[in-house]
């Protein structure tokens with residue numbers, strides 16, 4: 001039975017049906033807490049000896065996997081009076097307790113890769129696993145450098161796939177080079193270095209998210225940057241300081257593009273993280289001609305925070321360089337929506353990393369956007385969109401990928417007719433109340 005809804009927004013247990021948005025959207029709103037910072041906040045708080053208060057923690061399934069993991073390792077966590085505030089009583093830098101059974105990381109690639117770095121540098125035995133999707137995702141990129149640093153890691157397909165059995169050790173300082181543009185691998189090695197004895201050096205030529213480095217400095221973990229190399233002196237226990245998680249810019253991207261999809265719209269997104277490694281999508285949209293203002297308002301945990309104000313206007317096609325992809329890898333699906341609205345050709349170069357996400361996002365984008373009438377194709381490692389494409393409502397699938405579900409929902413706002421998105425519940429992974437918020441700003445009901 002459909003829940004209470006409007007004719008243009010019907011939410012059921014199996015799908016969501018969204019019709020074209022006619023009225024302009026003029027709203028101000030806040031995003032849930034940043035997912036990347038939420039994961040790191042919990043892990044670092046679990047290594048402090050004194051209690052740590054975390055404000056603004058994202059209440060999503062992925063972050064819940066990290067919360068469950070640190071509890072299995074002996075940390076205590078309790079929610080305070082406010083729903084997004086938590087108190088974490090950690091175990092200290094050497095205090096993790098060996099888990100009695102496997103640690104289930106659910107669908108969270110961030111949880112399993114970051115946690116593997118900590119467990120590899122802990123002298124105990126651990127098993128990490130995840131759901132069927134996570135068990136298909138590559139782990140070799142994090143297993144190889146940790147094994148070279150002294151840990152023993154065994155898994156399916158020669159250690160390339162979960163489950164992983166980890167015999168950790170008291171690591172000595174190590175040097176490693178990370179060839180992939182992966183913030184998760186870099187962070188796994190930084191966390192291992194924090195628990196190791198001496199000065200470890202981690203080199204990564206590609207620029208990737210630097211939330212971990214900022215949090216290390218905020219929490220007093222000795223870290224020095226020399227060119228592309230990060231030096232960490234360990235063992236180093238993080239200080240017990242209050243952590244404030246700003247709004248998630250990846251979540252904000254969906255509403256920024258929603259404003260561009262509906263004529264006359266103006267959407268202001270407040271108190272969002274403005275980390276330069278996370279707002280590459282803003283720069284791309286501005287090159288496309290979008291009116292997006294950035295207004296800085298403060299700082300939290302070493303991160304700049306502020307507002308994004310987006311107004312509807314004409315867009316033009318652009319080339320998104322491979323070097324830009326690490327700063328907007330999660331936003332490519334919704335940027336593809338903007339490309340459908342733009343005049344001319346948009347080419348996303350070097351997007352092979354999207355094939356290793358919750359699904360093969362490249363194949364999923366081509367299939368589902370084509371069903372809505374988009375002129376879209378993948379050639380080698382490039383995604384090409386020719387616009388403007390008159391989108392038409394269709395029955396499409398999320399492929400159990402939260403970013404696909406949300407991107408298709410934004411596309412539905414601009415499509416004629418009604419779009420039905422199957423498998424929409426996966427949004428709980430990163431943005432549990434996405435559909436409620438989308439319905440609210442569009443003046444509809446989804447309850």
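The values are calculated or read from the model by the stated rules, or taken from the named source; none is laboratory data. No experiment lies behind these values; they were computed from the predicted model shown. Positions of Cβ are backbone-derived with ideal geometry, glycine not excepted, and every protein chain shown enters the neighbour counts.
Numbers below:
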quantity: Qualifying position, being in a loop (DSSP other than H, G, I, E, B) and in contact with a helix residue (DSSP H, G or I) (Cβ under 7 Å, 6 or more places away or on another chain), among 369, 431; calculated: 431
quantity: The lone exception for residue 311 - which of (1) within 23 Å of the chain's Cα centre (by Cα); (2) closer than 28 Å to residue 33 by Cβ it fails; calculated: (1)
quantity: Subset of segment 143-170 that is closer than 26 Å to residue 426 by Cα and touching a residue at least 40 places away in the same chain (Cβ under 8 Å) - its residue that is nearest to the chain's Cα centre (by Cα); calculated: 162
quantity: Selection count where residues are touching a residue at least 40 places away in the same chain (Cβ under 8 Å) and either in a helix (DSSP H, G or I) or surrounded by fewer than 16 Cβ atoms within 10 Å (Cβ to Cβ) (or both), scope segment 64-84; calculated: 4
quantity: Filtered residue count, segment 122-134, keeping only those that are modelled with pLDDT of 95 or more and within 18 Å of the chain's Cα centre (by Cα); calculated: 3
quantity: Selection count where residues are over 14 Å from residue 204 (Cα atoms) and either in contact with a helix residue (DSSP H, G or I) (Cβ under 9 Å, 6 or more places away or on another chain) or part of a strand (DSSP E or B) (or both), scope segment 161-187; calculated: 13
quantity: Residue satisfying condition, being within 23 Å of the chain's Cα centre (by Cα), buried (at least 20 other Cβ atoms within 10 Å of the Cβ) and without any contact (Cβ under 8 Å) to a residue 40 or more places away in the chain, within set 369, 348; calculated: 348
quantity: Set 220, 158, 150, 198: member being part of a loop (DSSP other than H, G, I, E, B), in the same structural domain as residue 122 (by TED's automatic domain parsing) and surrounded by fewer than 16 Cβ atoms within 10 Å (Cβ to Cβ); calculated: 220
quantity: Leading residue by the ranking (surrounded by the fewest Cβ atoms within 10 Å (Cβ to Cβ)) among those in segment 388-413 that are touching a residue at least 40 places away in the same chain (Cβ under 8 Å) and assigned to a loop (DSSP other than H, G, I, E, B); calculated: 388
